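First the structure, in the form of structure tokens, and then the observations on it.
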Amino acid sequence: MTAKFSPPRTMRWLGDASGRLMLIDQTLLPEHFQEIECRTVEQVWEAIRKLRVRGAPAIGCAAAYGVVIGLQTLPENCSRAEFDTRLADVTGSLAESRPTAVNLFWALDRMRACAKRNTDLSPAEMHAALLLEAQAIEAEDREMCAAIGQHGAALIESGMGVLTHCNAGGLATAGDGTALAILFAAAVQGKQIQVYADETRPLLQGARLTTWELQQRGVPVTLICDSMAGWVMKEKRVQAVITGADRIAANGDSANKIGTYSLSLLARAHGIPFYIAAPSSTFDLNLKSGEDIPIEQRAADEITQGFGKQTAPQGTQVYNPAFDVAPAEMISAIITEKGVIQPVNEAEIRRVLHA
């Protein structure tokens, strides 16, 4: 199985520090492929909040570029104090776009740290340095994706059926993805695999995005409704489950798209290994467990009027958490760019991450 063609990049920076960010508008896929141009920090904020760009690593990269864009409004002759004040305002605003994906805060912290250690630079020089930092974050993410793919592919055998949830591919990162990077790497190695993709309600990231990516790369994929996962496991069509993550606590509890918790229980019940694939930047070792992970609550109309179609009576009460948490004890291994964490516990996490 080989790629039909090289998929387009999720994001592209054009120009120098006064340039602009191009993003694939993922809300339009798979029906329409369209890039959006971000020239203001408000446009980057909106793209993150409205899921035009999504996936923890991609959100982090986009936010880093958003910082560069946000500083473009400063006059050329501004003081360093004015520059630092604007930097604080921009990073603070972007931090409010989404609460669960820790890569967002990691990237913003890294941009602030870059400015803090370069106090001798002029505002113009600092602006250029922050662009280099954002580009480094993007390049490193591509490298991390490739490493995750290689580490994870060793766990995949030819003939396996693999279930995945939401979208943890190239659209969610700057590279080949996390969970999907493993499947792409396995396919390149010649392993014959069959992927089962959950629809991933209510926004159908699995149906719209994961199937699209796998088709581009020539990897066999079968789409199922979320509620079919248990039966597909019962029929022995699935031998492994792999998902991404948006934040991982120190003990290994892993937050991912709503429905992942249920999959971890189903996999355990059927004796199927359940894997999380994520870069080291997704770990939040300041949080002891998943109990401390903030869970984003999203608008009711994502459920009652999904994609413009009224599917529930007006006034229906809705509970719409965007994420849930798979407990560490249900996770067979966490696959990172630094290696495979197995068993999943704080000591092993810190050993593999050198943290």
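The values are calculated or read from the model by the stated rules, or taken from the named source; none is laboratory data. Note that the structure is predicted; figures quoted are calculated from it, not measured. Reconstructed Cβ throughout: ideal geometry from the backbone, glycine too, with neighbour counts over all protein chains shown.
Taking residues in segment 246-270 that are closer than 14 Å to residue 332 by Cα, and partners anywhere that are aromatic (Phe, Trp, Tyr) and at pLDDT 95 or above, the pairs with Cβ atoms closer than 6 Å and at least 6 places apart or on different chains are 264/274; 267/274. Of all the listed residues (134, 146), the sole one being surrounded by fewer than 23 Cβ atoms within 10 Å (Cβ to Cβ), part of a helix (DSSP H, G or I) and in contact with a helix residue (DSSP H, G or I) (Cβ under 9 Å, 6 or more places away or on another chain) is 146.
Out of all the residues in segment 308-316, is one or more outside any helix (DSSP H, G or I), under 19 Å from residue 98 (Cα atoms) and at pLDDT 95 or above? No, every residue in segment 308-316 fails to be outside any helix (DSSP H, G or I), under 19 Å from residue 98 (Cα atoms) and at pLDDT 95 or above.
So which pairs qualify, if the first residue must be in segment 341-355 and free of Cβ contacts under 8 Å to residues at least 24 places away in the same chain and of a type in the set (A, V, I, L, M), the second must be buried (at least 16 other Cβ atoms within 10 Å of the Cβ) and in a loop (DSSP other than H, G, I, E, B), the Cβ gap must be under 7 Å, and the two must be at least 6 apart or on different chains? Filtered contacts from segment 341-355: 352/338. Against the criterion of being crowded, with 18+ Cβ neighbours inside 10 Å and of a type in the set (Gly, Ala, Ser), residue 62 qualifies. The single condition among (1) in contact with a Phe, Trp or Tyr (Cβ under 7 Å, 6 or more places away or on another chain); (2) at pLDDT 95 or above that residue 182 does not satisfy is (1).
May I ask you to verify whether residue 291 is over 22 Å from the mean Cα position of the chain (by Cα), acidic (Asp, Glu) and either exposed (fewer than 14 other Cβ atoms within 10 Å of the Cβ) or not in a helix (DSSP H, G or I) (or both)?
Spelling it out, it is not the case that residue 291 is over 22 Å from the mean Cα position of the chain (by Cα), acidic (Asp, Glu) and either exposed (fewer than 14 other Cβ atoms within 10 Å of the Cβ) or not in a helix (DSSP H, G or I) (or both).
Residues in segment 298-311 that are surrounded by 13 or more Cβ atoms within 10 Å (Cβ to Cβ) and of a type outside the set (Ser, Thr, Tyr) were compared, and the one that is farthest from residue 323 (Cα to Cα) is 305. Test residue 327 against the criterion of being in the same structural domain as residue 235 (by TED's automatic domain parsing), of a type outside the set (A, V, I, L, M), free of Cβ contacts under 8 Å to residues at least 24 places away in the same chain and within 12 Å of residue 252 (Cα to Cα), and give yes or no. Considered against the rule, which asks whether it is in the same structural domain as residue 235 (by TED's automatic domain parsing), of a type outside the set (A, V, I, L, M), free of Cβ contacts under 8 Å to residues at least 24 places away in the same chain and within 12 Å of residue 252 (Cα to Cα), residue 327 comes out as no. Please verify whether residue 281 is under 29 Å from residue 151 (Cα atoms), touching a strand residue (DSSP E or B) at 6+ places or on another chain (Cβ under 9 Å) and among the polar types (S, T, N, Q), treating the condition exactly as stated. So residue 281 fails the test. Here the condition is being over 16 Å from the mean Cα position of the chain (by Cα) and closer than 21 Å to residue 243 by Cβ; of 124, 113, 185, it holds for 185 alone.
Evaluating residue 207 against the criteria (1) more than 25 Å from residue 271 (Cα to Cα); (2) buried (at least 21 other Cβ atoms within 10 Å of the Cβ); (3) touching a strand residue (DSSP E or B) at 6+ places or on another chain (Cβ under 9 Å); (4) among the small types (Gly, Ala, Ser) leaves one unmet condition, (2).
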